[in-house]
């Protein structure tokens, strides 16, 4: 019997032993850079397709790996392989499927620094950000394994005299998992494991900028005993491979994490019925955010500045939960702004393989260009008080950037930037600050900094987000503690890492027998 779920602890890099172990992992991974990876369909590695390099965003000259790209024909083979594997996998007992997750968690735990090092090189994550992500991936494996076993047990029903009633959760079928690049291990692990631990099979299309990390995960799952065809690995261009997978009549569900525009496009395509399709496809979408930290007049300005800076600039603001709006009561606006500027000025920006670097690059040239374009827009919509420039020209670096005195309707206050840019807005009352926070098409995370129980309760009732944090940063959700997902254009509020999540990958069947 498994022990109760506990979150994987983070590594203390202040301990020299841990720092040396991480440095050793970085060296080990550095020696493996530049290798070739490719699709895995039905357990077989595919050695065809054009090779595309995956580049270190902190160092253009460094190829993390070379990845073979799938095409429509291989996508067809992958779906067929997943559909064939489903017939046997769905009959595998839930406890046996869960044991694959527990084994994978144990293997990942033993190689924790190694997986984190891959993210330092391919995703540009700092030591701490990468370590926290690997811990989250382990948490997903452990948590979803236990959840699958719970759902496989007897379910409570109202008993009726003379009848035997039973509810069971059945898997859906073969599905598609499309994870994001910003959490290339944790979210990829969580989405994939949740699907197949329920008895489904998966075609995993990794993010184009972080495919090597996904390939390493697939290798680990195979080592953990996941049978051939249960998880099929299909790197390739979204416009070709992604559309083919979403449209396929044998695909029963699509699980997507990424931008609003891509998510809405998937939702629209998935709604169409194709010849031979027997079901309405189940679509789970986790999309963007325009998250706000609301600061009350009774706050400690130092605490508020710490919360805003941590929420806005961790991983260069490349989190759907990151703070991109600071809505501050007029009475403390100047003090909080000044202290946030001071903290942004202390942030170390550089190549994240170096110990002590807090903020690395943004992910690629497209992201860099988009963020710099928004900074240009911000110069006309607010007062630039910190940053605004690029860094080391050898990578995709951008300075922590703060705009002050931004109108709530401005583009930089409404549109998702997905970079280290935060817009400060002044509110005349706490209630108006909450109104400003809600004045967006998104509803993912938010934070409130206040000492007033009355105003905290007001925020609980009126701040319309899926994850609201009080007197702490609006990033860093923990599996089991903070089920994660948002409202409105932030997605279908799937609550990843919570007790409801696996239900998205199952269908309930009730059998009633008259005695």
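Bear in mind these aren't lab numbers, they're just calculated from the coordinates by the rules spelled out. Remember, it's a predicted structure, so these values are computed and weren't measured experimentally. Cβ placement follows ideal geometry from the backbone for every residue including glycine, while neighbour counts extend to all protein chains displayed.
Miscellaneous remarks
- Efficiency of FRET between residue 470 and residue 432 - r from beta-carbon atoms, R0 22 angstrom, step 0.05: 0.70
- The protection proxy used here, the mean number of other Cβ atoms lying within 10 Å of each residue, ranks peptides 63-71, 132-140, 459-467 as follows, highest first: 132-140, 63-71, 459-467.
- Taking a ≥ b ≥ c as the square roots of the Cα gyration tensor eigenvalues, the range 72-175 comes out oblate, since a/c reaches at least 1.5 and a/b does not exceed b/c.
- Cα centroid separation, the range 264-300 to the range 70-130: 23 Å.
- Two-site label geometry, residue 264 and residue 405: point separation in nm, points 7 Å out along Cα→Cβ: 3.3
- Annotation: for a label point projected 7 angstrom from Cα along Cα→Cβ of residue 510, residues of the range 134-171 with backbone N closer than 17 Å are 154-170.
- The relative contact order of the chain, computed from alpha carbon pairs under 8 Å that lie at least 6 residues apart in sequence, is 17 percent.
- Sequence-separation-based contact order of the range 71-215, relative, with Cα cut under 8 Å and 6+ spacing, percent: 32
- Put simply, when 354-367, 200-213 are sorted by average Cβ atoms within 10 angstrom per residue, most first, you get 200-213, 354-367.
- Percentage relative contact order, the range 279-395, counting C-alpha pairs under 8 Å, at least six apart: 23
- Label-point gap, in nm, between residue 30 and residue 96 - each point 7 angstrom along Cα→Cβ: 4.5
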